[in-house]
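The values are calculated or read from the model by the stated rules, or taken from the named source; none is laboratory data. Just so we're clear, the structure is a prediction, and the values are computed from it rather than from any experiment. Cβ placement follows ideal geometry from the backbone for every residue including glycine, while neighbour counts extend to all protein chains displayed. Heavy atoms of the whole protein, side chains included, go into the accessibility calculation; ligands, DNA and RNA do not. Shrake-Rupley method; radii C 1.70, N 1.55, O 1.52, S 1.80 Å.
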Amino acid sequence: MIRQLLGNIWRRTKQLGLYVLLGFAIMVSLLFSLALWQSPQRSLDSKTTNSQQEVVSMHSYAEVYDFSGLVVNESSSAMAIIDFRPSTDNLVSKVSAYKVKASKQKTLSASDYLAALSADQTVVMQFPDQVAGKVVQRILGDQYDLPSKATINYIQLNAQSQTVTFYSDANHHYYRYPVQNKQLQLPNLLSKKHVVAVKWSEADQQVKLLYEEAINLQKYRYLVTNTDLQSFANVLFTESKQVNTTQDDNNNLVYADGENKRLTINQTSKTGVFDVFNSKKKLPNVSGVMEDGYDMLGNIQQTSDSINYFASENNGDTLIYRLDVNGLPIFNLDKLGLVKFQMISAGHQQVDFSGTTLQVPLPVNDDDTVTLPSTADAETWASQVGINPDKIEDLRIGYYWQTDTGDTVTLQPEWFYKYDGEWQSLGTNPATRTGGS
């Protein structure tokens, strides 16, 4: 009897021991797995992956195709907000939340188009150049069902009529959407803002915003960073099985994977040209080009917070992106900070870019400013240096990239004009310097 009892106790103890050992083994396994997951190398790999994802996704459509101006239309007057970016970001978030009624395309005469755009008690957000309607939808939402071929230059908010209106300079089209779900209210944008009087005008079928008085702008200084362009080959040819490296007749370094991709690097100018060849038989529409241009910015790692769409050329087949400061574009002789995306043909995309970009803003004195003349006075400047104002294709305020040392630059506010397809600077003293790009 006692022997049987002792036997039962032993068997139960043995079973319990097995369970304890099994539980202990499972616990050790879990701890070991957790240790591996939290190991320094695992953390490093995780950070690298997340960092790469952030680089690719940090710049949204709204940031690339951002606004270049904000105008408040009041009774028989208009004021441009110089420090407009925080206000436009706030307005975009509001407009994106509106539910609206459907709109139909309407066409106005040149005079009626200008009158509607400058209507009293409205706020107008201005794009730097035409933006495809479908790209605008990506920014503001699909409730604004713009036609696939539409191009938009301005977005107007009208609190009196409770409408959001999109304007296209191309054919004087407009698309007006009544707001349904909430009241459209305009913030007091003129209080404590840096503003300047402007006037809406149209010449040669192009709407222009003329500054009627002098503009006072801050100078800036930045540290710059120079990326070794050869490192771009690691990213651009990731999926290529074999890449050949050669030197062309101009001593440029050329990477190619056969007939699909080619990267040409000028190590002296720190610029590169990337060609992509595919089997497309048809050129994309303006929306497709802008989406391809956006994708290419990510491919060549041009994802700086200050890289923005600047202009559309060649009937929309060429897009220009520039570095900017506070919404104003940056120009320089060496084309640093400029990205030019082209649809050479249906099966050939080409992008020109540089490895130099702005990195860290440096301290400046608040009184280190430049006063630029009005639009009319800038045109007078142009006449003084022998430029026919009637042949100026465009006139804009921007910043001139002036290299101080190898790693710092000063950004000087200046007037820039487009003449024979090229951007030039009037400079702070037009009699002594022109030049720009």
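Would you rank ARG85, ARG322, ARG138 by solvent-accessible area, highest first, keeping every protein chain in place and using a 1.4 Å probe? List each step's numbers first, then the result.
Details: ARG85 50, ARG322 15, ARG138 135 Å².
I get ARG138, ARG85, ARG322, largest accessible area first.
Note the per residue figure in Å³ for the convex hull of the C-alpha positions in the range 206-271. Spell out each step's value before the answer.
Numbers: hull volume 14.7 nm³, N = 66.
Dividing the Cα hull volume of the range 206-271 by its residue count gives 222 Å³.
Compute the FRET efficiency between ASP228 and SER75 as 1/(1 + (r/R0)^6), taking r as their Cβ-Cβ distance and R0 = 51 Å, and round to the nearest 0.05. Write out the running numbers ahead of the final one.
Numbers: r = 57 Å, r/R0 = 1.11.
Plugging the Cβ-Cβ distance into 1/(1 + (r/R0)^6) gives 0.35.
Calculated FRET efficiency, ASN171 and GLN384, Cβ-Cβ r, R0 41 Å, to nearest 0.05? Display every interim value, and only then the final one.
Working: r = 37 Å, r/R0 = 0.89.
So the FRET efficiency works out to roughly 0.65.
Over 32 Å between C-alpha atoms is what I'm after, so list which of LYS134/LYS208; LYS149/LYS391; LYS241/LYS340; LYS104/LYS282; LYS101/LYS281; LYS106/LYS208 land there.
Numbers: LYS134/LYS208 24 Å; LYS149/LYS391 30 Å; LYS241/LYS340 28 Å; LYS104/LYS282 28 Å; LYS101/LYS281 38 Å; LYS106/LYS208 21 Å.
In this structure, LYS101/LYS281 exceed 32 Å between Cα atoms.
Relative contact order for the range 248-392: what is it in percent, counting Cα pairs under 8 Å that are at least 6 residues apart?
Numbers: 190 pairs, mean separation 28.6, N = 145.
For the range 248-392, the relative contact order is 20 percent.
With label points built 7 Å along Cα→Cβ from the Cα atoms of ASP83 and ASP420, find their separation and express it in nm.
Placing both labels 7 Å along Cα→Cβ, they lie 4.1 nm apart.
Give the residues of the range 164-208 whose amide nitrogen is closer than 20 Å to a point set 7 Å from the Cα of ASN315 in the direction of its Cβ.
So the set is 169-173, 205-206.
At 1.4 Å probe size, with the rest of the protein present, what percent of the exposed accessible area of the range 326-428 is carbon and sulfur atoms? Please report the intermediate quantities before stating the final value.
Values: 1900 of 4480 Å².
Summing carbon and sulfur atoms, their accessible area is 42 percent of the total for the range 326-428.
So what is the diffusion coefficient of the range 281-336 in µm² per second by Stokes-Einstein at 37 °C and 0.692 mPa s, using a Kirkwood Rh over Cα pairs?
Values: Rh = 12.3 Å.
It diffuses with D of about 266 µm²/s by this estimate.
What is the distance, in nm, between label points placed 7 Å from the Cα along the Cα-to-Cβ direction at SER60 and at LYS219?
Calculated label separation equals 3.7 nm.
Using only Cα atoms, figure out Rg for the range 122-238 and give it as a multiple of 2.2 N^0.38 Å.
Working: Rg = 19.6 Å, N = 117, 2.2 N^0.38 = 13.4 Å.
Dividing the Cα radius of gyration by 2.2 N^0.38 Å gives 1.46.
Would you mind calculating the gained length between ASP407 and SER240 on full extension (0.36 nm times residue separation, minus the Cα-Cα distance), in nm to one decimal?
Between ASP407 and SER240, full extension yields an extra 56.7 nm.
What list of whole percents do you get for P(r) of the range 278-403, with Cα-Cα distances grouped in 10 Å bins up to the one holding the largest distance?
Once binned at 10 Å, the Cα pair distances of the range 278-403 give 11, 33, 31, 20, 5, 1.
Taking all pairs of different Cα atoms in the range 334-437, averaging 1/r and flipping that mean, what Kirkwood radius in angstroms comes out?
Numbers: mean 1/r = 0.0632 Å⁻¹.
When all Cα pairs of the range 334-437 are included, the Kirkwood radius is 15.8 Å.
Can you give me the three principal axis dimensions of the range 171-234 from its C-alpha atoms, in Å, biggest first?
51, 35, 35
State to the nearest 20 debye the size of the charge dipole of the range 138-272 about its Cα centre, where the only charges are +1 on K and R beta carbons and -1 on D and E beta carbons. Display every interim value, and only then the final one.
Details: 14 positive and 13 negative charges, 133 e Å.
It comes to approximately 640 debye.
For a Förster distance of 30 Å, can you work out the FRET efficiency between the beta-carbons of PHE277 and GLN105, rounded to the nearest 0.05?
After rounding to 0.05, the efficiency reads 0.25.
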